[in-house]
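Chemist: Can you keep this structure in mind? I'll have questions shortly.
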Amino acid sequence: MNNQEKSKLDIVGTGDVVIEAAPVIEVEPEQFEISHGNALTVLIKHDYYSVDSIHGRELLGAFISALQARKADIARIFVIDSGVKLLDSNNSLYNEFKELFSEVPVITACTESLENYGISLSELPSNCETLDSREIAAAILNAQGLITLE
């Protein structure tokens, strides 16, 4: 670990610029791998309200494409709230999402959200599990490498 000091600018309440010393901390590569690992957990909370947000759909499509490029690194995808609509074959982004989730070991969908949005359990993919909101909250608290799309 390297504890050399490095200058930084710090604006104090008066608006003056003050130079103060700050330590530079280097993380050993082995420690970085242990703390971050390679597996990602993705939480998708909304489907960007497909009916009233074309721009939101474009953003979500770009996010799904970016995840598709890293699908080998994704261990699990959680879909909650209106995010469960991505599991509906009538959703305009279903095919893009299907390409992603078909390569991911586990998709976890919120039971209450599925019921709320009328998503049929019989149409869920084979790698999809359903958990209630309390079980999902507990699983998310234990997740490492969590990416949340709100």
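Readers should treat all values here as calculations from the given coordinates under stated rules, not as data from a laboratory. Nothing here was measured: the structure is a model prediction, and the numbers come from that model. Using ideal geometry, Cβ is built from the backbone for each residue, glycine included, and neighbour counts are taken over all protein chains shown.
Chemist: With N set to the number of residues, divide the alpha-carbon radius of gyration of segment 36-149 by 2.2 N^0.38 Å and report two decimals. Could you put the intermediate results ahead of the total?
Modeler: Working: Rg = 13.0 Å, N = 114, 2.2 N^0.38 = 13.3 Å.
In units of the 2.2 N^0.38 Å rule of thumb, it is 0.98.
Chemist: Cα centroids of segment 86-111 and segment 129-150: how far apart, whole angstrom?
Modeler: One Cα centre to the other: 16 Å.
Chemist: Something else now. Taking the Cα centre as origin and putting +1 on Lys and Arg beta-carbons and -1 on Asp and Glu beta-carbons, what dipole magnitude results for segment 101-150, to the nearest 20 debye? Each step should come with its number before you reach the end.
Modeler: Numbers: 1 positive and 8 negative charges, 23 e Å.
Here the size comes out at about 120 debye.
Chemist: Determine ³J(HN,Hα), in whole Hz, for all residues of segment 127-137 in sequence, where each value follows from phi through the Karplus function 6.51 cos²θ - 1.76 cosθ + 1.60 and θ = phi - 60°; x replaces Gly and Pro.
Modeler: Once θ is set to phi - 60°, the couplings for segment 127-137 become 8, 9, 10, 10, 9, 6, 4, 5, 5, 5, 4 Hz.
Chemist: Among LEU124, LEU114, rank each residue by its count of other Cβ atoms within 10 Å, from fewest to most, as a rough exposure measure. Intermediate values should be presented prior to the final figure.
Modeler: Numbers: LEU124 17, LEU114 21.
If I rank by nearby Cβ atoms, fewest first, I get LEU124, LEU114.
Chemist: A further question follows. How much length is gained if the chain between ASP73 and LYS45 is pulled fully straight, taking 0.36 nm per residue apart and subtracting their Cα-Cα distance, in nm to one decimal?
Modeler: On the way: separation 28, 0.36 × 28 = 10.08 nm, distance 2.00 nm.
Full extension of this stretch gives 8.1 nm more.
Chemist: Then there is this: Can you give me the long-range amide H partners of ILE147? Hydrogens built in the peptide plane at 1.01 Å from N, cutoff under 5 Å, separation of 5 or more residues or another chain.
Modeler: Here the answer is THR41, VAL42, LEU43, since their amide H atoms fall under 5 Å of that of ILE147.
Chemist: Suppose every Lys and Arg Cβ carries +1 and every Asp and Glu Cβ carries -1, with no other charges. What dipole size does segment 36-149 come out with about its Cα centre, to the nearest 20 debye? The partial results should precede the final answer.
Modeler: Working: 8 positive and 15 negative charges, 65 e Å.
Using only the charged Cβ atoms, the result is roughly 320 debye.
Chemist: May I pose another question? May I ask you to sort PHE63, PHE78, PHE97 by Cβ crowding, counting other Cβ atoms within 10 Å and putting the fewest first? Each step should come with its number before you reach the end.
Modeler: Numbers: PHE63 18, PHE78 23, PHE97 26.
Arranged by neighbour count, lowest to highest, PHE63, PHE78, PHE97 become PHE63, PHE78, PHE97.
Chemist: List CYS128, CYS110 from most exposed to least, where exposure is judged by having the fewest other Cβ atoms within 10 Å. It would help to have the intermediate numbers written out before the result.
Modeler: Numbers: CYS128 19, CYS110 23.
The order, fewest Cβ neighbours first, is CYS128, CYS110.
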